[in-house]
Amino acid sequence: MKTVTLIGKPGCHLCDDAREIIRRVCEETGAAWEEKDINQDPELYRLYWEQIPVTLVDGAQHDFWRVDPGRLRKALGG
């Protein structure tokens, strides 16, 4: 099973949009998903602070700023 990770922060409207798309696509495909707060991890902040929300699939960067549901579905094998 693949895992999608959303890296974002509270109060980010793009993160809210990404969360909803990720939740929906993961429900459709059976993939797991998790969310990480960039403010709680100095390394994530260093790597991604200009790109949030960032989407990872199995730990590899997949997207940033906006999540394309079709592209994510394809990456998850759906």
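The values are calculated or read from the model by the stated rules, or taken from the named source; none is laboratory data. Everything numeric here is computed off the predicted structure, so don't read it as measured data. As a convention, Cβ positions derive from the backbone with ideal geometry for all residues, glycine included, and neighbour counts pool all protein chains shown. Keep in mind that these areas ignore ligands, DNA and RNA; they rest on the heavy atoms of the full protein, side chains included. Shrake-Rupley method; radii C 1.70, N 1.55, O 1.52, S 1.80 Å.
What would the Debye equation give as log₁₀ I(q)/I(0) for the chain at q = 0.14, 0.17, 0.26 Å⁻¹, counting only Cα atoms as equal point scatterers?
Those come out to -0.38, -0.56, -1.24, one per q.
For the stretch 63-78 and the stretch 18-35, what is the separation of their C-alpha centers, rounded to whole Å?
That distance is 10 Å.
So what is the calculated 222 nm ellipticity per residue for the chain, using -39500 (n - 2.57) for each DSSP H run with n of 4 or more, over all residues, to the nearest 500 deg cm²/dmol?
Here the helix-only value at 222 nm equals -12000 deg cm²/dmol.
Leaving out ligands, DNA and RNA, and with a 1.4 Å probe, what % of the accessible surface on the stretch 35-78 is carbon or sulfur?
About 49 percent, which is the carbon plus sulfur part of the accessible surface.
For the pair Thr3/Ala32, report the inter-label distance in nm, with labels modelled 7 Å from Cα in the Cβ direction.
It works out to 0.5 nm between the two label points.
Percent relative contact order of the chain, based on C-alpha pairs within less than 8 angstrom and at least six residues apart?
Across the chain, relative contact order equals 41 percent.
Roll a 1.4 Å probe over the protein chains and send me the accessible area per residue for the chain in Å².
61
At 0.36 nm per residue, and after removing the present C-alpha to C-alpha distance, how many nm does the segment from Leu14 to Gln40 gain when stretched out fully?
7.5 nm
What are the GluC sites (Glu not before Pro) within the chain that DSSP puts in a loop, where the Cβ has at most 15 other Cβ atoms within 10 Å?
For GluC sites (Glu not before Pro) across the chain that sit outside H, G, I, E and B with at most 15 neighbouring Cβ atoms in 10 Å, the list reads Glu50.
If amide H atoms are built 1.01 Å from N in the plane of the peptide, which residues on other chains or at least 5 residues away come under 5 Å of the amide H of Asp63?
Thr55
With everything on Cα atoms, drop me the angle between helix 13-29 and the longest principal axis of the chain, reported from 0 to 90° to the nearest 10.
Computed tilt is about 30 degrees.
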